[in-house]
Structures are given as structure tokens and as C-alpha cells.
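Here is the structure we will look at.
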Amino acid sequence: MSEGKTIHIVSHDVPYPLDYGGVLDIFSTLQALHEQGVQIILHCFEYGRSAQPILNTYCKEVHYYKRLEGHKGFCFHLPYIVCSRSSKELLDRLSQDNHPILLEGIHCSAMLDDARFENRKIILRLFNVETTYYKELSRHERSLFKRIYFWNESRLLAKQEKKVAASWPVLTLSERDQDHYNKEFHGKWVHYLPVFHPFREVKSAEGVGSFCLYHGNLSVAENEKAAIWLLTEVFDKLKIPFVVAGKNPSSRLQRIAHQNTHTCLVANPEERELQDLIGKAQINILPSFNKTGIKLKLLNALYNGRHCIVNQTAVEGSPLAPLCHLAETATGMQRIVQQLYHLPFGEEEIRLRKNLLQQHYDTATNAKALIAYLS
């Protein structure tokens, strides 16, 4: 049914290399739709990433547009993440045919008031409830300037998300975000569709690993806060080897990570190195302080790692809680780490993971659902 179907996908960023969750999801979406025979015309906003030939493997056409950075991307009535992705060239190109359009993120919603698209099949796929996400970023940020920016962005995003919810069908990555769009924004058509990912099977190794691991994009304030909290509140007195790994850590985080002989930091690991760390860890410990979206790093750990410890926020709105050990406080996490550190990861846990992850996160099943929504 989907063979030969053509769709436009508008991406907020160039979805390669796969060095953070948002692009991992989009790249996996391209792969999944391509496997279903869909012809994809991809449109990417470019800022800091060059053209990526690998995208032509999965797309019929790939077009790049410069993001308007700095003052050029600023306006008073739209969030910066939306206004900076305004492109007349993109909208003119999209208006030349009548293929369905999938917008990846509220970031790509600048076309909302363009009359040419009033009767077009358009679906917006959310990464997060961005209003909440930016409010949380403001709360965790140490820089006063960035706190003010994130707060103002959250205020403008609330208006944009409300308008979008009233105008377009919306797909969310978690049931919690679906509830939020229905209750707070009175969305006219909001559905939950699980995140796309590259993990085809559970590869978790049985037995015992040799350290605990936190990984994430460490340039994001929320992730840095989680890493520092684990280092200073959980592992400072718990003399069990603990590794923090991820992109662009601050000098402050690096300093804290190397204060103890049993803790360390791996900065900017390549994909293979990160996957090696996830697979060899005895415990992947991934608390979250942000109540929106779905954490792809948790899915990565569940498909490829052993024991996982999270807090309720990390799994809320997802079906993943039965696969994780939950703790809310530093003391609670210390207690569970001590219980699990020498406990072999076994066949029973792997079987449970296979069943639940196949049920909810099977890529082919979710690709068919997405195609149906776009039909």
C-alpha cells in the first residue's frame, strides 16, 4: 500500500551524524519509511553540519536550507527555534506539489499561517512539549542570560503550540505529552506514536559488568545537572566505579568527575566507543529532571545494556517502568546500586525486555502506523 508513496519530511537539523537523540529518531524514521517503500523528499535546516551523502541512500531528494542564526532569526511574535527556521525557498518548494508533509518538531512550524497549505495533509511530530522543556531548561541553567532566553522562549512556545494543536494533527512520543496537548492545548487530533530508533534486537549481555555508567549530551544543562548530581550525591561516598560519557562536557563537569579515583569522564566518545561502554557497564543509571518526551538513551541502554536505574520522571508516559529499577533520592539510588552491582544480569530479564520492547517499539509496525496517519 505504501510502495511508491511520496512524502515530504522537514527536519529541524541535518539528521546525521547520530550524536544526539533528536537526529537519531529522525534518521531511524527515514530508514523505517524507506524500508516500507516510501519515497522521501527530505528538507533539512543546516547550522554547523554539512551535507551528508548517506541521507541520499534513504531519500529520493535531499534539500538543505541555512538556518537564520543570531539576530537574523529573532522576531517578537515567534519562538527563536521557529523563526530561525523560516524559509521562503522551503515553502515555495513544498507548494509545488500536493504530497503529505511530516514536520519533525515544533521548530519546523513557521508555515502555520501560510494560506497555500490550508488544505494540505500536514502532520507535526513532537520531540517534547517544548513549552515545558524550555521552562525546565530555564530552571536548570546557571547562566542568567540563558535562563531569561529559555523563559522567554517557553512563553512564546506556549502560544505557538496552542495554535498548532488547533490547526494540525499532532503525534507525540509519549502518552504523557499526548495528555498535555489534549488538556492544556485542547488539541483537535493528537495521537501517541513511539519514537523510532536503530535498535533491531535486544543485545544485552548476561553476566556481570565492571562499572556504572551515565551517558548523554553533556552540553545540555539538564544532562550536566544529572551527571553532577550522580557524581556528588550518589557516587561521592559510594566507592563503586562510575563513568560519565557524552558530548561536550564543561570544564566544571570534567573537574568534578576526576575528583575521586573511582569516577571518571569520557568526553565525546565515538558511537562505537559509547555502545561499548553501554554494553560493558553493570548498571546504566539514567535519572531525568525533565518531564517531557522519551529518552532515547534509556532505550539504547535497555536494548544494549544490563541493569538500568532511573527515576519516575525518566519513564513517565512510557511503558518502560517494568524494565527498570526506580529510585527518587540519592540514598535510594545508592541502595539499588549496591544491590545490583554484583548481581548477574540474566536470561529472565532479557526475555522480559524482548517481549515488552517488541510490543511497543517495533520499528516496522510503527512505520506502518505513521504511513497510515499520512495517507
Using unit Cβ charges (K, R positive; D, E negative) and no other charged atoms, how large, in debye to the nearest 20, is the dipole of segment 27-117 about its Cα centre? 220 debye
Share of accessible surface on carbon and sulfur in segment 129-217, whole %, 1.4 Å probe and ligands ignored, is 53 percent
Report, in deg cm²/dmol and to the nearest 500, the calculated mean residue ellipticity at 222 nm for the chain, where each DSSP H run with n ≥ 4 adds -39500 (n - 2.57) and the sum is divided by the residue count. -11500 deg cm²/dmol
Relative contact order for segment 25-143 using alpha-carbon pairs under 8 Å, separation at least 6, rounded to a whole percent? 17 percent
Over segment 1-133, give the accessible area per residue in Å² for a 1.4 Å probe, as an integer. 41 Å²
Just want to confirm a number: the relative contact order over the chain, from Cα pairs under 8 angstrom separated by 6+ residues, in percent. 15 percent
Using a 1.4 Å probe, what is the accessible area per residue for segment 179-231, in Å²? 42 Å²
How would Lys88, Lys121, Lys368 line up by accessible area, probe 1.4 Å, largest first? Lys88, Lys368, Lys121
Out of Val129, Leu265, Phe74, whose Cα points farthest toward the positive end of the dipole of the chain (charges: +1 Lys, Arg; -1 Asp, Glu; placed on Cβ)? Phe74
For segment 228-334, which trypsin sites (Lys or Arg not before Pro) are both in a DSSP coil and crowded by at most 14 other Cβ atoms within 10 Å? Lys237, Lys239
Roughly how far apart, in whole Å, are the Cα centres of segment 1-72 and segment 154-230? 19 Å
Span-rule helices in the chain, defined as complete DSSP H runs reaching 24 Å or more along the axis (Cα) with Kyte mean at least -0.5: 144-167
Take the solvent-accessible surface of the protein heavy atoms, probe 1.4 Å, and return the percent of it on segment 224-275 that carbon and sulfur atoms account for. 46 percent
If you count only protein heavy atoms and use a 1.4 Å probe, how large is the accessible surface of His360, to the nearest 10 Å²? 60 Å²
Out of segment 59-163, which GluC sites (Glu not before Pro) are coil in DSSP terms and have no more than 12 other C-beta atoms within 10 Å? Glu69, Glu118
Exactly which chymotrypsin sites (Phe, Trp or Tyr not before Pro) in segment 223-283 are in a DSSP loop and have at most 13 other Cβ atoms within 10 Å? none
Is the shape of the chain best called rounded, prolate or oblate, per the rule: a/c under 1.5 gives rounded, else a/b larger than b/c gives prolate, else oblate, with a ≥ b ≥ c the square roots of the Cα gyration tensor eigenvalues? prolate
Accessible area per residue, 1.4 Å probe, Å², for segment 233-348: what's the number? 43 Å²
Which one of Gly317, His8, Trp151 has its Cα pushed farthest toward the positive end of the charge dipole of the chain, where Lys and Arg give +1 and Asp and Glu give -1 at the Cβ? Trp151
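The values are calculated or read from the model by the stated rules, or taken from the named source; none is laboratory data. None of these values were measured; they are calculated from a predicted model. Glycine also receives a Cβ, built like all others from the backbone with ideal geometry; neighbour counts cover every protein chain displayed. Just the protein is used for accessible areas: all its heavy atoms, side chains included, with ligands, DNA and RNA removed. Shrake-Rupley method; radii C 1.70, N 1.55, O 1.52, S 1.80 Å.
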